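What follows is one structure encoded as structure tokens, with my remarks underneath.
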Amino acid sequence: MQEQSQRPPLDRRQLMQSTVLGLGAIAWTARVGSAAPQGVVQAKATPYALPPLPYKEDALAPAISANTLGFHYGKHHKTYVDNLNGLLKDTPDLAGLSLEDLIKKTASDTAKAGHFNNAAQVWNHTFYWNSMRPKGGGAPTGKMLELVNASFGDYGKFKEAFLTAAKTQFGSGWVWLVLDGSKLVVDKTGNADTPMARGKKCLLTCDVWEHAYYLDYQNKRPDYVTAFLDSLLNWEFALQMMG
Ligand code: MN
């Protein structure tokens with residue numbers, strides 16, 4: 001694993017072939033060379049499409065069941081895409097923007113809360129699927145481990161900070177690992193909000209809306225987030241997002 005983190009950046013062909021990153025790699029490939037690796041989940045302008053999952057619906061079981069993933073992706077994520085495309089039919093001035101630009105443009109415009117909420121939920125969910133992988137989780141290696149240690153003290157303290165953020169997010173929302181300058185920071189947002197809207201560099205996210213875990217864990221959000229951290233976290237994706 002150590003040598004993996006020291007590999008040179010993937011070239012275009014390797015990115016295209018990457019199965020771990022799935023759609024993200026393909027989307028990013030179109031913009032490779034950009035200084036904004038967050039574009040990994042940048043979708044083309046309207047009508048926006050539901051991006052394919054980077055793995056099969058049963059690939060994250062037992063931490064997240066195929067049932068949960070099927071509803072979450074096929075119903076919730078798809079509905080945000082459909083709602084957004086519906087809203088944009090009546091607001092042609094906002095059509096044609098990249099998803100990220102649309103989110104930033106509507107973030108502080110209360111009259112466009114519907115646009116912001118649905119657009120941010122489309123972006124957040126794509127980022128969430130890529131933040132997980134089968135047989136992921138646990139402490140990272142190489143450069144990411146060094147960053148985790150420098151930012152939190154050690155992996156255990158990072159895990160504690162992430163879990164605390166998940167437990168203390170009142171109601172629906174998201175927990176994030178964000179790069180702030182040269183340090184990693186745990187952040188949390190309510191409802192559809194995303195640190196990306198304020199230009200922050202997101203590395204990983206965990207959906208803590210009840211629809212993300214209720215079928216598998218009922219009300220036990222900490223158990224779900226613990227499983228996310230222990231067996232799903234995709235540190236390779238975080239490394240890619242660092243650029
Ligand atoms: Mn969700």
Task: Top-ranked residue in region 74-97 [being among the β-branched types (Val, Ile, Thr) and assigned to a helix (DSSP H, G or I); ranked as surrounded by the fewest Cβ atoms within 10 Å (Cβ to Cβ)] - done: Thr79
TODO: Please note which helices (runs of 4 or more DSSP H) are completely contained in region 140-243 and include at least 1 residues that are modelled with pLDDT of 95 or more, of a type in the set (Val, Ile, Thr) and at negative phi.
DONE: 142-152, 155-168, 221-231
Task: Scan of region 53-73 for residues that are under 16 Å from Asp216 (Cβ atoms) and surrounded by fewer than 15 Cβ atoms within 10 Å (Cβ to Cβ), ordered by number - done: Asp58, Pro62, Ala66, Asn67, Gly70
- [ ] Considering every residue within region 125-138, establish whether at least one is within 16 Å of the ligand (Cβ to nearest atom) and outside any helix (DSSP H, G or I).
- [x] yes
Open item on the list: Take Glu146 and tell me if it is within 16 Å of the ligand (Cβ to nearest atom), among the acidic types (Asp, Glu) and surrounded by fewer than 18 Cβ atoms within 10 Å (Cβ to Cβ).
Closed with: no
TODO: Kindly provide the set of residues from region 167-214 that are β-branched (Val, Ile, Thr) and over 25 Å from Ala61 (Cα atoms), ordered by number.
DONE: Thr168, Val178, Val185, Val186, Thr189, Thr194
- [ ] Answer yes or no as to whether Thr106 is within 16 Å of the ligand (Cβ to nearest atom), buried (at least 20 other Cβ atoms within 10 Å of the Cβ) and not small (Gly, Ala, Ser).
- [x] no
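The values are calculated or read from the model by the stated rules, or taken from the named source; none is laboratory data. All values derive from a computational prediction rather than experimental measurement. Here the Cβ is made from the backbone with ideal geometry for all residues, glycine too, and neighbour counts use every protein chain on show.
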